[in-house]
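Presented below is the structure to which this report refers.
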Amino acid sequence: MNPLKTEIIKQLHLSTALSVAEVERLLEVPPREELGDYAFPCFTLSKAWRKPPNVIAQELVAKTDTTSGAFSTAAAGPYQNFYLSKSKYVETVLKEVFIKQHDYGSNTSGQGKTIIIDYSSPNIAKPFGIGHLRSTVIGQSLYLIFKKLGHPVVRVNHLGDWGTQFGKLLVAYRKWGKEEEYQKNPVNYLYELYTRFHQEAESATQLEDQAREEFRKLELGEKENTKLWRKFREISLNEFKRIYDILGIEFDSYAGEAFYDSKIEVVLKELEENKLTEVSQEALVVNLDKFNLPPCLIKKKDEATLYTTRDLAAAMYRRQTYDFHKSLYVVGSAQQLHFQQVFKVLELMGHAWAKDCIHVDFGWVKFEEQILSTRSGHILLLEDVLRRSIQLVREIIAEKNPDLEEKEKVANQVGIGAVVFAFLSRRRQKDFDFKWEEVLNFEGESGPYLQYSHARLCSLQRKYSRPISSEVDFQKIAGREEYQLTKLLENFPETVKNAAEQYEPHIIANYLLKLAGVFNTYYQNVRIITEDETATKAKMLLVYVTQIVLREGLNLLGIKAPEKM
Ligand code: ARG
């Protein structure tokens, strides 16, 4: 907590004889600036002291020791208002950031509390859609946020590498597959085969039966099928990793659905022991009527296991392996029902930790107003999105700043930052329409706008070209805008915490837009580097700490902050 507030609470504790915790609970932030920074309402005391609250407010003012210079105080009706000394306040906050540097906002509260984040998790031989990109970007940011709060974090990519679609692929590949075509562009080609299977199966119904049979053989570990499956998986995974490389993302585990297929028996056993399953239309289900949920399908009549069953096994495995504090699933809201069922079944199995499994859901993504067809949402398009963004930035740089150093690196950082920020600048549960014009708008609420503001802060420091010191005359930066900027800087740690609590990187994105906005207004209104040495020195400290927080905030979103743009 800001030490000036601590001082006020201490004074109130002395004057009212209420406990520190009680004072803290009662202390308010007044609705209007002229009423001060904090207000203490005297209604509660009024009963105990048998005096009207406005009389009490005056008595408290008289009793308050203000010799620390941290604040002044005045009564206003039933409230005792507190006005922080602006220069003292600015001094405390700025010095703290200055000392902590990029560790500002970090903390150790998460130590020993492992967070699992299941994110990205694309499906092999199906499109890596823009929805998977949204999951990737949100999950990555959550990883960075929880790490900052001291949590051990495990990044899990729950690959969709198992399921009946592999039966279809095996059939299609053997029927129509051409090795040369496959080699040219494996992921695309597999998807083509998959699509063709569905087209042909409309008239040739025996295909579906064949696919089921091939998948069954695969589940039994038949050699040839397993060999082909491995090949499909490996090649697709390499393609995905190419995208992750572009984004600078890594995972700790790629244990996907196939991995859990062999761990299903335990689930079935536990379900049975708890007498949870019943047979319905020849399938094995857990009835969830009592909870207003449809039955949870555990095993189909052909004995094939299911996505849901594998998720039950995965949750149990993760609990056993990592003893998690929270296990997050960053998956689109289309799977809400799926996760409700999975978590409910875990709970019924007697796993109290089921309440620590959380579906971090997010809304649909449209691309330039179209809901993506599976086809255009293909992995290659996704890479195209990133490449196109980088290319657009390249063109902008060529036009506006052709002499920029390290052009290619900056184009990469800004092009990718633009796409990433676009995904994080909305509340995750909101649907999102991806539009180039907004994504790359340097003036609008965009990634490039934030990166540009950051580069401007760096450029001021180059211009000043002297070391920044925290021993400055704080009176010189105690004006209204500087104070406002400082308040935002003070809020950064709280913002990071809120983002973690709500699993919502958007909170940081929004904060950064505000921070950049207030700074840019300040920059427009105030000349920072002037003849006045003392004032310049103080303002440069403000510039410096603002840059640190902006950079750190961008980093938490998974966005690089270039020094020149
Ligand atoms: N592969 C799935 C899909 O694309 C997402 C998997 C999410 N994670 C999980 N444990 N179910 O729809």
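The values are calculated or read from the model by the stated rules, or taken from the named source; none is laboratory data. Everything numeric in this text was worked out from a predicted model, so none of it was measured. No Cβ is skipped: glycine too gets one built from the backbone with ideal geometry, and neighbour counts run over all protein chains shown. Surface areas here come from the heavy atoms of the whole protein model, side chains and all, with no ligands, DNA or RNA. Shrake-Rupley method; radii C 1.70, N 1.55, O 1.52, S 1.80 Å.
Using alpha-carbon positions, what is the distance between the centroids of the stretch 511-565 and the stretch 132-154, in Å?
26 Å
For Glu59, Glu445, Glu347, write out the residues from largest to smallest accessible area, computed with a 1.4 angstrom probe and no ligands counted. Walk me through the numbers on the way to the answer.
Working: Glu59 60, Glu445 140, Glu347 100 Å².
From most exposed to least exposed: Glu445, Glu347, Glu59.
Return the whole-Å distance between the Cα centroid of the stretch 437-463 and the Cα centroid of the stretch 35-52.
Cα centres, the stretch 437-463 to the stretch 35-52: 46 Å.
How far is it, in nm, from the label point at Ile528 to the one at Leu14 when both lie 7 Å from their Cα along the line to the Cβ?
Calculated label separation equals 4.0 nm.
With the cut-off at 1.5 for a/c, could you classify the chain from its C-alpha gyration tensor as rounded, prolate or oblate?
It is oblate, given that a/c is not under 1.5 and a/b is not larger than b/c.
When the accessible area of the chain is split by element with a 1.4 Å probe, what percent falls to carbon and sulfur?
Here carbon and sulfur together make up 48 percent of the probe-accessible area.
Magnitude of the Cβ-charge dipole of the chain, K/R +1 and D/E -1, about the Cα centre, nearest 20 debye?
Computed charge dipole of the chain: roughly 780 debye.
Report, to the nearest 10°, how far helix 223-247 tilts away from the longest principal axis of the Cα atoms in the chain, using its own Cα long axis and a range of 0 to 90°.
With both axes taken from Cα atoms, the answer is about 20 degrees.
What figure, in Å² to the nearest 10, do you get for the accessible area of Tyr483 with a 1.4 Å probe and non-protein molecules left out?
20 Å²
Ignoring ligands, DNA and RNA, what accessible area per residue does the stretch 1-57 give at 1.4 Å, in Å²?
Values: 3230 Å² over 57 residues.
With the other protein chains kept in place, the stretch 1-57 gives 57 Å² per residue.
In the structure displayed, which of Lys241/Lys407; Lys539/Lys560; Lys148/Lys497; Lys126/Lys435 lie more than 21 Å apart, Cα to Cα? List each step's numbers first, then the result.
Values: Lys241/Lys407 25 Å; Lys539/Lys560 25 Å; Lys148/Lys497 10 Å; Lys126/Lys435 24 Å.
Lys241/Lys407; Lys539/Lys560; Lys126/Lys435, as the Cα separations exceed 21 Å there.
Which order do you get for Trp436, Trp49 if you rank them by accessible area with a 1.4 Å probe, largest at the top?
Result of the area sort, largest leading: Trp49, Trp436.
By a straight-distance test (C-alpha under 19 Å), which lysines pair with Lys51 as possible cross-link partners, with residues fewer than eight away in the same chain excluded?
Straight-line reach from Lys51, under 19 Å: Lys63.
Counting only protein chains, not ligands or nucleic acids, how are Tyr38, Tyr522 ordered by accessible area (probe 1.4 Å), most first?
Details: Tyr38 25, Tyr522 0 Å².
Order by accessible area, largest first: Tyr38, Tyr522.
What whole-number value in Å² describes the accessible area per residue of the stretch 496-560 for a 1.4 Å probe?
Using a 1.4 Å probe on heavy atoms only, each residue of the stretch 496-560 averages 36 Å².
Which whole-number value in Å² is the accessible area per residue of the stretch 198-301, probe 1.4 Å?
On the way: 6350 Å² over 104 residues.
The answer is 61 Å² per residue.
Could you report the accessible area of Met349 in Å², rounded to 10, computed with a 1.4 Å probe on the protein chains as they sit in the structure?
For Met349, the solvent-accessible surface is approximately 10 Å².
Based on alpha-carbon centroids, what's the gap between the stretch 289-360 and the stretch 397-422 in Å, whole number please?
That distance is 42 Å.
Taking the simple approach of a point 7 Å from Cα along Cα-to-Cβ for both Gln101 and Asp252, what is their distance in nm?
2.6 nm
Say the cut-off is 22 Å between C-alpha atoms; which of Lys100/Lys147; Lys223/Lys300; Lys344/Lys366 go over it?
Where the Cα-Cα span goes over 22 Å, the pairs concerned are Lys223/Lys300; Lys344/Lys366.
Quick one: of the DSSP bridges fully inside the chain, what percent are antiparallel, nearest 5?
Bridges in the chain that DSSP calls antiparallel: roughly 50 percent.
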